[in-house]
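Step one of this worksheet: look at the structure below.
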Amino acid sequence: MDITDDTAGRLPEIVALFTESFSAAEGPEEGAAVGHLARRMITQTPAPDLRVFLAQESGAIIAAICFSRLGHGGDGRSVFLLSPVAVATARQGQGIGRRLIVHGLAALREEGVDIAVTYGDPDFYGRVGFRPVSEEILPAPFPLGQPEGWLACPLTQAPLARLAGPVRCVAALADPSFW
Ligand SMILES: CC(C)(COP(=O)(O)OP(=O)(O)OC[C@H]1O[C@@H](n2cnc3c(N)ncnc32)[C@H](O)[C@@H]1OP(=O)(O)O)[C@@H](O)C(=O)NCCC(=O)NCCS
């Protein structure tokens, strides 16, 4: 398996991966919604605000992850949101998701990003360094339906001090139903 950030010409394959993986895990409606989200995120997000990493084997994509910028007003720190991530259904439970997330976090750290944040399963993301964070410390772009799933992973040694609002996510995520 190798990991690349070169997504050129691979949009259909990436969308298919997200659609199929989430359809199998959570049903066809959710699969279609996440496939659509990935398409919008990749086609409509300005390059400085998006990082995508693909895990591939023999030229085929077996996992994909997106990180997009979460702006906090005039706060000088940079924050990226991990969402979505998926591993091909037949390849789940083999450590691929963990390796892809760890790779993505290391790449963000390397380029100077201060904080990664995600909204998901605390058990799963807790294994790769995310910890629950309050909306007071790290304001979210929309009211959270499941605030216990709001998770942060500091990428520097600095303590996680409160970020000032207003918060701005990328257009693909600017839909209250995601939150
Ligand atoms: C969730 C997903 C990305 C994990 O990738 P994966 O390659 O299957 O996971 P890994 O094999 O790397 O597992 C990493 C760890 O997380 C655990 N884990 C995996 N899936 C989990 C889940 N859904 N809930 C809790 N823990 C989970 C594993 O037991 C493992 O722990 P360990 O290393 O302590 O044994 C993948 O299963 C997937 O694409 N699922 C469908 C889509 C989805 O749910 N995406 C994430 C939305 S938050």
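The values are calculated or read from the model by the stated rules, or taken from the named source; none is laboratory data. Fair warning: this is a prediction, and the values are worked out from it, not measured in the lab. So basically every Cβ, Gly included, is an ideal-geometry build from the backbone, and we count neighbours across all protein chains shown. Accessible surface is based on the protein model in full, side chains and every heavy atom, while ligands, DNA and RNA are left aside. Shrake-Rupley method; radii C 1.70, N 1.55, O 1.52, S 1.80 Å.
Of the listed requirements (1) farther than 29 Å from Leu54 by Cβ; (2) assigned to a loop (DSSP other than H, G, I, E, B); (3) open to solvent by 20 Å² or more (accessible area, probe 1.4 Å), Leu163 misses just one: (3).
Among the conditions (1) touching a residue at least 60 places away in the same chain (Cβ under 8 Å); (2) exposed (fewer than 13 other Cβ atoms within 10 Å of the Cβ), Asp6 misses just one, which is (1). For region 12-22, the criterion of being under 16 Å from the mean Cα position of the chain (by Cα), of a type in the set (S, T, N, Q) and within 21 Å of Leu105 (Cα to Cα) is met by no residue.
Within region 36-52, is even one residue closer than 16 Å to Val87 by Cα, among the aliphatic types (A, V, I, L, M) and in contact with a Lys or Arg (Cβ under 8 Å, 6 or more places away or on another chain)? No, every residue in region 36-52 fails to be closer than 16 Å to Val87 by Cα, among the aliphatic types (A, V, I, L, M) and in contact with a Lys or Arg (Cβ under 8 Å, 6 or more places away or on another chain). Picking from residues in region 108-123 that are in a helix (DSSP H, G or I) and in contact (Cβ under 8 Å) with a residue 12 or more places away in the chain, the one that is nearest to Glu57 (Cα to Cα) is Leu108. Note on region 33-54: among residues that are within 10 Å of Ser68 (Cα to Cα) and of a type in the set (D, E, K, R), the one that is surrounded by the fewest Cβ atoms within 10 Å (Cβ to Cβ) is Asp49.
Screening Leu108, Leu81 for residues that are within 19 Å of Leu37 (Cα to Cα) and either among the aliphatic types (A, V, I, L, M) or surrounded by 17 or more Cβ atoms within 10 Å (Cβ to Cβ) (or both) leaves exactly one candidate, Leu81.
Please determine whether any residue of region 69-76 is within 16 Å of the ligand (Cβ to nearest atom) and either of a type in the set (A, V, I, L, M) or surrounded by fewer than 21 Cβ atoms within 10 Å (Cβ to Cβ) (or both).
no
Of the residues examined, Asp121 is one that is over 22 Å from Ala8 (Cα atoms), near the ligand (Cβ under 9 Å from one of its atoms) and either over 11 Å from the mean Cα position of the chain (by Cα) or crowded, with 17+ Cβ neighbours inside 10 Å (or both). Restricting region 124-156 to residues that are part of a loop (DSSP other than H, G, I, E, B), open to solvent by less than 60 Å² (accessible area, probe 1.4 Å) and closer than 17 Å to Leu100 by Cα, which is farthest from the ligand (Cβ to nearest atom)? Among them, the one singled out is Leu155. In the set (1) in contact with a Cys (Cβ under 9 Å, 6 or more places away or on another chain); (2) closer than 19 Å to Asp5 by Cα; (3) free of Cβ contacts under 8 Å to residues at least 60 places away in the same chain; (4) within 13 Å of the ligand (Cβ to nearest atom), the condition left unmet by Leu105 is number (4). Considering only region 27-101, give the strands (runs of 3 or more DSSP E) lying wholly within it that have at least 1 residues that are hydroxyl-bearing (Ser, Thr, Tyr). The qualifying strands (runs of 3 or more DSSP E) are 60-69, 79-87.
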